[in-house]
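A.B. asks: My structure is below; once you've seen it, I'll send some questions.
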Protein chains: 2
Amino acid sequence: MCVEDVHFRREWHPAESIGHRCLARGLSDIAAMGGEPLACFLSLDLPSNLPQRWVNDFMSGLLRLARLRKTPLSGGDTSSAPKIVADIIVLGTVPAGQTLLRSKARPGDRIYVTGELGGSAATLKRLHSGKKIRSSDNSRHFYPTPRLEVGLWLRKKNLVTSMIDISDGLSVDLAHICEESKVDGVLRLEALPVAKTADLALALHGGEDYELLFSAPKSAAVPRRIAGVSITEIGEIRRKTSQKGTVKTIDSAGRLKPLRPAGWEHFKTD
Amino acid sequence: MCVEDVHFRREWHPAESIGHRCLARGLSDIAAMGGEPLACFLSLDLPSNLPQRWVNDFMSGLLRLARLRKTPLSGGDTSSAPKIVADIIVLGTVPAGQTLLRSKARPGDRIYVTGELGGSAATLKRLHSGKKIRSSDNSRHFYPTPRLEVGLWLRKKNLVTSMIDISDGLSVDLAHICEESKVDGVLRLEALPVAKTADLALALHGGEDYELLFSAPKSAAVPRRIAGVSITEIGEIRRKTSQKGTVKTIDSAGRLKPLRPAGWEHFKTD
């Protein structure tokens, strides 16, 4: 769901970007399971005084990505409402039993991430501070690329033990893997692929990068680049040391420190 | 989509009823195409101060109907938002080429409706007037029954030329059939199955009855009752007389009068 003033602001985000981000969010979940998208369904709540132009631009942003990803818009609904709400459902397929889950990370596995982290949150921070933004310079935020080819490649090569997309932030999404796999995750801070515009905190906790975070056995031959996207090893899975799966950081001197998951979490930030 | 203060009010509708109505709305669309439901997906926007009890009751109303109709909840999303929004997507199946559409009504066809009309709107009117309501006495409004068995029977018997469910009101939904079939629809007012609690205006324009409205050739043997639900002949399809498909009423003396569609239409009533 993309909710006005929760996931976007009309004065910050062009309508085309909101339409694109709405579908990208759903496609990214399919990518994280190693799936291929099949169809999408859109429900739109719109204030009755919203200009038709806004709706046209929103739809053009969404439909451009839908065409590109061969994910036809196949149904949905419209309603009036005080705020814009766009709900996207994406259906995808994966051969039975091959879905990549969050629950199969094992101690000794290495942790990997696609692309760069923190770029989307860096743009959001700049928007919050009132600075002018050009959407063409901030495409990671306005027009994120769901990593469908990477997810599909990893599933077909059968290299991966767990996978998730980074929608809420690395610290939060790695914690999801740790909790569901009942393991600890240790991040090497100096290894993180921090986006040029971001800093370490944004790379750790900033959401909406829609990169893939996955674990693979130490012995797995994970390439440095898949489908044109860089792959970086950023840490390892360890045996669980406390009640709940936890995320730790390790510095170059080998010192471990607990990392409190602090990304975007619904119902906790507002 | 079910939007707080548009489709329901928290002080009027028990949470179980809202959950039931949300899914019933989607199932009714499947019924109107002669389909069988397969799976549903739910996205929920919830204010962060909403009691957990409300969510539990909402889900229990929705899941009870999902179990009854063998339509497993198969995915979805949650988000925080200023108002409750529940978006349901129901997937259904129908053999290729057999979907019942709105566009195949032909002059000479008879018009039929299931059950009774206006009951749901009568309850809503009473709620608006501030009268106390017991949901057990007003189940057509609070717990509508999607007419899945009737839709399936009609599709399998191949009797029907067009079908729609009455979610917005008879006058509006018949106009949809007329426009898409490029015909006129003539309603015999004295034939309408008006609910005991309703009047003629509510039967013509009141929404959310979720009965099926369909056309069938004059020669078709449409029974008086299908799957325990009464079927009433309420008019006929005629050749189009104006630019747009229109709905007319005919009284017992044979006088035709145009009927302005005046039911629930999103973006027009608020």
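The values are calculated or read from the model by the stated rules, or taken from the named source; none is laboratory data. This one's a predicted model, so the numbers in the text were calculated from it and none came from an experiment. FYI the Cβ positions are ideal-geometry reconstructions off the backbone, even for glycines, and counts take in every protein chain you see.
A.B. asks: Within region B:86-96, which residues are small (Gly, Ala, Ser), touching a helix residue (DSSP H, G or I) at 6+ places or on another chain (Cβ under 9 Å) and either within 19 Å of B:Met33 (Cα to Cα) or facing another protein chain (nearest Cβ under 9 Å) (or both)?
C.D. replies: The one that is small (Gly, Ala, Ser), touching a helix residue (DSSP H, G or I) at 6+ places or on another chain (Cβ under 9 Å) and either within 19 Å of B:Met33 (Cα to Cα) or facing another protein chain (nearest Cβ under 9 Å) (or both): B:Gly92.
A.B. asks: Only residues that are buried (at least 16 other Cβ atoms within 10 Å of the Cβ) and in a helix (DSSP H, G or I): list them for region B:140-165, please.
C.D. replies: If the condition is that a residue be buried (at least 16 other Cβ atoms within 10 Å of the Cβ) and in a helix (DSSP H, G or I), then B:Arg140, B:His141, B:Phe142, B:Leu148, B:Val150, B:Gly151, B:Leu152, B:Trp153, B:Leu154, B:Arg155 are the ones that fit.
A.B. asks: Only one residue in A:Leu170, A:Leu213 is within 18 Å of A:Ile30 (Cβ to Cβ), surrounded by 24 or more Cβ atoms within 10 Å (Cβ to Cβ) and modelled with pLDDT of 95 or more, so which one is that?
C.D. replies: A:Leu213
A.B. asks: Additional query: Return the residues of region B:212-244 that are in a strand (DSSP E or B) and closer than 17 Å to B:Leu259 by Cβ; say none if nothing qualifies.
C.D. replies: Within region B:212-244, B:Leu213, B:Ser215, B:Ile234, B:Gly235, B:Glu236, B:Ile237, B:Arg238 meet the criteria.
A.B. asks: Whether any residue in region B:113-124 is at pLDDT 95 or above, acidic (Asp, Glu) and within 17 Å of the chain's Cα centre (by Cα) is what I want to check.
C.D. replies: The answer is yes, given that some residue of region B:113-124 is at pLDDT 95 or above, acidic (Asp, Glu) and within 17 Å of the chain's Cα centre (by Cα).
A.B. asks: Could you tell me which of the residues B:Arg25, B:Arg67 is charged (D, E, K, R) and under 20 Å from the mean Cα position of the chain (by Cα)?
C.D. replies: B:Arg25
A.B. asks: I need a count of the residues in region A:44-57 that are more than 12 Å from chain B (Cβ to nearest Cβ), touching a residue at least 24 places away in the same chain (Cβ under 8 Å) and part of a loop (DSSP other than H, G, I, E, B).
C.D. replies: 0
A.B. asks: Another question, if that's okay. Going by what's in this entry, would A:Asp137 be described as touching a residue at least 12 places away in the same chain (Cβ under 8 Å) and out of contact with any Phe, Trp or Tyr (no Cβ under 6 Å at 6 or more places or on another chain)?
C.D. replies: So A:Asp137 fails the test.
A.B. asks: Could you please find all residues in region A:67-122 being acidic (Asp, Glu) and either more than 16 Å from A:Met163 (Cβ to Cβ) or surrounded by fewer than 21 Cβ atoms within 10 Å (Cβ to Cβ) (or both)?
C.D. replies: Passing the criteria: A:Asp77, A:Asp87, A:Glu116.
A.B. asks: From the list B:Val113, B:Val85, exactly one residue is in contact (Cβ under 8 Å) with a residue 24 or more places away in the chain and over 26 Å from B:Ile237 (Cα atoms). Which is it?
C.D. replies: Result of the check over B:Val113, B:Val85: B:Val85.
Yes/no matrix, rows are residues, columns are (1) within 9 Å of chain B (Cβ to nearest Cβ); (2) in contact with a Phe, Trp or Tyr (Cβ under 6 Å, 6 or more places away or on another chain):
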| position | (1), (2) |
| --- | --- |
| A:Leu23 | no, no |
| A:Leu38 | no, no |
| A:Met59 | no, no |
| A:Pro72 | no, no |
| A:Gly75 | yes, yes |
| A:Ser79 | yes, no |
| A:Ile84 | no, no |
| A:Arg102 | no, no |
